[in-house]
Amino acid sequence: MTLSPQHFKAFEEIVGEKNISINPSTLSVYSYDSTRTEILPSCVIFPRHTQDIQKIIAYAYTHKIPITPRGAGSGMSGGSINEGIILALQKHMNKILHIDTQNLCVTLEPAVLNASLNNALAPYNLFFPPDPASASFSTIGGNISENAGGMCAVKYGVSKDYLLSAKLVIGTGELIEVGHKTYKDVAGYNLLGLVCGSEGSLGVITELTLKLKAKARFEKSLLVGFSSLKSLADCSCAILSSGITPCAMEFLDTLTTQALNSRFNLYPTEAKAILIIKLDGNFEPSLEFEASEIEKICKAYNPLSFEVAKDKQEEERIWFGRKNASQANSIYGVKKLNEDITLPRSKVADFLERVQEISQKYDFPIPCFGHIGDGNIHTNVMLPSLSSLSEGKEAIKELFSITLSMGGTLSGEHGIGLSKAPYMPLAFSSTHLKLFAQIKKAFDPHNILNPHKMGFDPS
């Protein structure tokens, strides 16, 4: 769509000429995210504060102009790209407003980077636990909008577990605050829960208050090599059932391990699957005890190797591969279809076996890695060329169908956005989708907030 001169002038009067752009290079920058799908917006606006956003949305409501909020554009599902107006929050709305060390919470604007927040919290020995791989460049508003998790979710949970309150401009331009600065709140419907993970489709977040945690004093990392993914998956369940809750519990499959070793020679070459564990706590002997107990549990599953990091350098080596798994797998194809299905932990081994069947059927490598501690698996369908895209999407559809048949879900942390929208009818009944649309319409009567997302039509 094209923004008329009348509309452009109205928005310019709200934010000033330096905070609005229809320059083709600016529009191009805001036309894509990490999916590399491109949708050229009509205009990019850089709001300065909540009042700007209220006025912009009120005008857009009257004239039915689509608006999509955007942080850093690091999303993996097309959630922050759209036609119409992009509200680019990172330029101005990036301030930490208050760190409350008594109530263990922080109030901030949505475009504060995850890593910047934790850097600011470090002197207080506090942290915001959700740690997506994009922490160094993704915003807190984006983390909340996608309900991001990360490697520490097995112990510390995901973004929704830390959201206390949010100020939100809904689709009419009205400002509401949902939630309270309290750890308990059962008054009324849980509107705050609806906001988290809604991908900007219910309102534009202008301020957040988040729970914080005190940092553990000690950490210990372990690496275990296995001869099969089934042994690794079964061992992981046994560890968690023993009463030990690691800070992180990650895995690398055979293809991912081989890709990493081809470049960095990090892991035992005979291993077909790698389990990486991080323990944390405030009493060092308790970590030693837990590491010893984990070793005993692992022995029942015949590990090929068991290693405990002796120093910071060894710990960094152990985790380097997991942090670079996605990039390493690029050797298997020119186009990656990266999904993040989540399953009950007991089904992970069965699912990974079915992945191999799909890989053989379509003749595409499908390396897998991820958060085995909470069943969140990154499946990467690697295409040899762009001409294979339709077959790749068929493979993805089969993987989703298998996931759902095992009691899983389409996404654990990347969100639905555009990329998974076509598959929502696989996961939800028409009644579910109708309820989603009714909720959307209640917050956004004219369907102007990040339209065409989530796989349902509010009309």
- Report, by residue number, each residue of region 283-296 that is buried (at least 16 other Cβ atoms within 10 Å of the Cβ) and of a type outside the set (A, V, I, L, M). Glu290
- Are any of the residues in region 340-354 under 19 Å from Cys152 (Cα atoms) and in a strand (DSSP E or B)? yes
- Is one or more of the residues making up region 115-130 under 25 Å from Thr35 (Cβ atoms) and either touching a residue at least 40 places away in the same chain (Cβ under 8 Å) or over 22 Å from the mean Cα position of the chain (by Cα) (or both)? no
- Mind listing whichever residues of region 323-337 are touching a residue at least 60 places away in the same chain (Cβ under 8 Å) and not in a helix (DSSP H, G or I)? Asn324
- Query: Would a scan of region 127-148 turn up a residue that is under 17 Å from Gly417 (Cβ atoms), out of contact with any Asp or Glu (no Cβ under 6 Å at 6 or more places or on another chain), at pLDDT 95 or above and in a strand (DSSP E or B)?
  - Reply: yes
- Among the residues of region 133-151 satisfying the criterion of being closer than 20 Å to Leu252 by Cβ and crowded, with 24+ Cβ neighbours inside 10 Å, which is nearest to the chain's Cα centre (by Cα)? Gly149
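Can you tell me which residue is surrounded by the most Cβ atoms within 10 Å (Cβ to Cβ) among those in region 321-360 that are touching an Asp or Glu at 6+ places or on another chain (Cβ under 8 Å) and among the charged types (D, E, K, R)?
Taking region 321-360 as the starting set, the residues that turn out to be touching an Asp or Glu at 6+ places or on another chain (Cβ under 8 Å) are 322, 340, 342, 345, 349, 352, 358.
Next, from what is left, pick out any that are among the charged types (D, E, K, R): 322, 340, 345.
Numbers: Arg322: 23, Asp340: 21, Arg345: 20.
Among those residues, the one meeting the criterion is Arg322.
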- Message: Please list, ordered by residue number, the strands (runs of 3 or more DSSP E) wholly in region 53-126 having 3 or more residues that are at negative phi and surrounded by fewer than 16 Cβ atoms within 10 Å (Cβ to Cβ).
- Response: 96-100
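Hey, can you tell me all the residues within region 226-244 that are under 16 Å from Ala291 (Cα atoms) and surrounded by fewer than 21 Cβ atoms within 10 Å (Cβ to Cβ)?
Of the residues in region 226-244, the ones under 16 Å from Ala291 (Cα atoms) are 235-244.
If the condition is that a residue be under 16 Å from Ala291 (Cα atoms) and surrounded by fewer than 21 Cβ atoms within 10 Å (Cβ to Cβ), then Cys237, Ala238, Leu240, Ser241, Ser242, Gly243, Ile244 are the ones that fit.
Let's see how each residue does on (1) hydrophobic (A, V, I, L, M, F, W, C); (2) crowded, with 20+ Cβ neighbours inside 10 Å; (3) within 19 Å of Phe351 (Cβ to Cβ); (4) touching a residue at least 40 places away in the same chain (Cβ under 8 Å):
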position: Met249; (1), (2), (3), (4): yes, yes, yes, yes
position: Ala259; (1), (2), (3), (4): yes, yes, no, yes
position: Lys278; (1), (2), (3), (4): no, yes, no, yes
position: Gly281; (1), (2), (3), (4): no, no, no, yes
position: Cys298; (1), (2), (3), (4): yes, yes, no, yes
position: Leu304; (1), (2), (3), (4): yes, no, no, yes
position: Gln313; (1), (2), (3), (4): no, no, no, no
- Message: Among the residues that make up region 423-443, is at least one of them closer than 19 Å to Thr35 by Cβ, out of contact with any strand residue (DSSP E or B) (no Cβ under 7 Å at 6 or more places or on another chain) and not small (Gly, Ala, Ser)?
- Response: yes
- Note on the structure: Pro367 passes all but one of the listed conditions (1) in contact with a Ser or Thr (Cβ under 9 Å, 6 or more places away or on another chain); (2) closer than 24 Å to Asn147 by Cα; the exception is number (2)
- Qualifying position, being touching a Gly at 6+ places or on another chain (Cβ under 7 Å), more than 30 Å from Tyr124 (Cβ to Cβ) and either assigned by TED's automatic domain parsing to the domain that holds Phe351 or not in a strand (DSSP E or B) (or both), among Pro246, Pro268: Pro268
- Item | Unique match (being among the β-branched types (Val, Ile, Thr), more than 15 Å from Leu410 (Cα to Cα), more than 19 Å from the chain's Cα centre (by Cα) and assigned by TED's automatic domain parsing to the domain that holds Lys420) among Ile372, Ile366 | Ile366
- Message: Quick test of your reading of the structure: Ala133 fulfils all but one of (1) more than 20 Å from Gly78 (Cα to Cα); (2) in contact with a Lys or Arg (Cβ under 9 Å, 6 or more places away or on another chain); (3) hydrophobic (A, V, I, L, M, F, W, C). Name the failing condition by number.
- Response: (1)
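Which helices (runs of 4 or more DSSP H) sit wholly inside region 384-453 and have at least 3 residues that are at pLDDT below 95, buried (at least 17 other Cβ atoms within 10 Å of the Cβ) and not aliphatic (A, V, I, L, M)? Break it down into steps so the answer makes sense when it comes.
Details: elements: 389-405, 424-427, 430-443.
By residue number, no helices (runs of 4 or more DSSP H) qualify.
Could you list, in sequence order, all residues of region 1-29 that are of a type in the set (Gly, Ala, Ser) and surrounded by fewer than 11 Cβ atoms within 10 Å (Cβ to Cβ)? If you could, list the steps in order and put the result at the bottom.
Going residue by residue through region 1-29, those that are of a type in the set (Gly, Ala, Ser) are 4, 10, 16, 21, 25, 28.
The answer is Ser25, and nothing else.
The values are calculated or read from the model by the stated rules, or taken from the named source; none is laboratory data. Since this is a predicted model, take the numbers as computed values, not measurements. Virtual Cβ from ideal backbone geometry, glycine too; neighbours counted across all protein chains shown.
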